[in-house]
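Beneath this line is the structure, given in structure tokens, with notes to follow.
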Amino acid sequence: MKGSTGIPALQLITLNKLISKFVRPPSNYFTNLFPTTQYDSDTIEWELEYGSGGMTPFVAPGAVAPAIGIDGIGSASAKAAFWKEKMYFDEEFLNNMREPGSYATYMKAERQLAKGAQKLRWRVDRRREWMVAQMLFNGTLAYQQAGGIKFSVSYGIPSSHIVTLDDSRNWKDGASRNPIEDIFDAKQLLIDDAMVQPNHSIMNTQMLKVLLFDTKVQALLAKSAFGNGDLFSNPSGVIASLLGIGNLTVYDELYEIQAWLTVTTASGTTIYLDDVTDFEVGGKARFYNMKSYNDFEDEVITAVDIAAGTITVGQAPTHNFIGGQDKVVMRKKFIPDNVFFMFADSQNGAKIAEFMEAPYGNTRRWGFFADTKDEWDPEGIWLRVQDKGLPVLYYPDTTYKITAFDLDEY
């Protein structure tokens, strides 16, 4: 008997039932906030709407009712993104899964399978979270298509809703800084453009700290019912209530991007990787020596060239990291330290965004799916996970992003 034959836990029906029972990462804020829909093809199309839905006009009795369309004022389309990866389980694992009369050995193998499967599932879900976050925070999403083609989607968020404060106005030490006024101006723009009040705001702990110690916020708190110490026992709730910015979420989650070196680093600052799509300027590139435990070096990314497959770092690594052997990892927060973001999650009674799942595979399936493949020599089994889809934004003017200061200066 070879491979996974005869092992019930590795049958596809059983395996997918197991993985479907795993709870999605509770920290995935956006994928838990917006709904998921199955689309009928891998070319996703959606309608864009700016402003409110208006209201029904008056007409004279007996007159013909004026007609309105069900579509928005514009439309967009893009190919769905596809992502997958796999994990290898060796011959010893397979033998333990079918070991006769040894319950402890079997349970050890089952735990190994469950741990690996959950890791793969959470990585798939984290990719969804990253896609939605990129859509909302940056108004764009870049990903790889068939044949290695790099594709980018623009979601049509108005430039007036993506604001970078100038030096004199920055919330750290700008001479004219006034975060309270900036936030109220942002709220007013959301009302004027989309006729919505923000019911969600999001930032990370570093931005919350900036607001907590701002002198104008402190002065406002001193005159309010929150001047009795509640600010530090319930900071997000106090700030949200004080400024009227809906539910304030402090979001410190990070994501991790990995790529393999294709050329040895030598002494240059241009680094060649097998896929640079998700690397970002300002991120920290960690170079790992894969043949030495805990041997790494950190450098800041100063440029990314997707067409050339390179990143540029501020200083050349002091160690020669080997192409085809060593890898580079970038860890970055979903929401940067200098960003304050708020939005209305609904417009005209509908959610402003959805995640559209697209069909894929010979069996035309949607969403997360796991399958296996036996390896002949050496014997083992690959566990593969796949997903396909695209986040869509129906109401681009219901979001507002403030970049409050320059990270390079702090």
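The values are calculated or read from the model by the stated rules, or taken from the named source; none is laboratory data. Everything numeric in this text was worked out from a predicted model, so none of it was measured. Methodologically, a virtual Cβ is constructed for each residue, glycine included, from the backbone with ideal geometry; neighbour enumeration extends over all protein chains shown.
Identification of strands (runs of 3 or more DSSP E) wholly contained in segment 294-410 with 2 or more residues that are at pLDDT below 90 yields 327-333, 369-375, 380-393. In the set (1) modelled with pLDDT under 75; (2) in contact with a Leu (Cβ under 6 Å, 6 or more places away or on another chain), Ala104 fails one condition alone, (2).
Could you look through segment 235-250, keep only residues that are farther than 15 Å from Lys209 by Cα and not β-branched (Val, Ile, Thr), and pick out the one that is surrounded by the fewest Cβ atoms within 10 Å (Cβ to Cβ)? I'd like the intermediate steps shown before the answer.
Initially, segment 235-250 is screened for residues farther than 15 Å from Lys209 by Cα, giving 241-247.
Imposing the further condition that a residue be not β-branched (Val, Ile, Thr) reduces the set to 241-244, 246-247.
Values: Ser241: 16, Leu242: 18, Leu243: 20, Gly244: 12, Gly246: 19, Asn247: 14.
It comes out as Gly244.
Counting only residues that are surrounded by 10 or more Cβ atoms within 10 Å (Cβ to Cβ) and at pLDDT 75 or above, segment 53-76 holds 3 of them.
Checked against the criterion of being at pLDDT below 90, of a type in the set (S, T, N, Q) and either out of contact with any His (no Cβ under 7 Å at 6 or more places or on another chain) or over 30 Å from Asn289 (Cβ atoms) (or both), the candidates Ser168, Ser236, Ser176 yield just one match: Ser236. Selection of segment 293-333 for residues being touching a residue at least 60 places away in the same chain (Cβ under 8 Å) and touching a strand residue (DSSP E or B) at 6+ places or on another chain (Cβ under 6 Å) yields Ile306, Phe321, Gly323, Asp326, Lys327, Val328, Val329, Met330, Arg331, Lys333.
Does segment 346-353 include one or more residues that are closer than 14 Å to Val132 by Cβ, out of contact with any Pro (no Cβ under 7 Å at 6 or more places or on another chain), buried (at least 19 other Cβ atoms within 10 Å of the Cβ) and among the small types (Gly, Ala, Ser)? No, segment 346-353 has no match at all.
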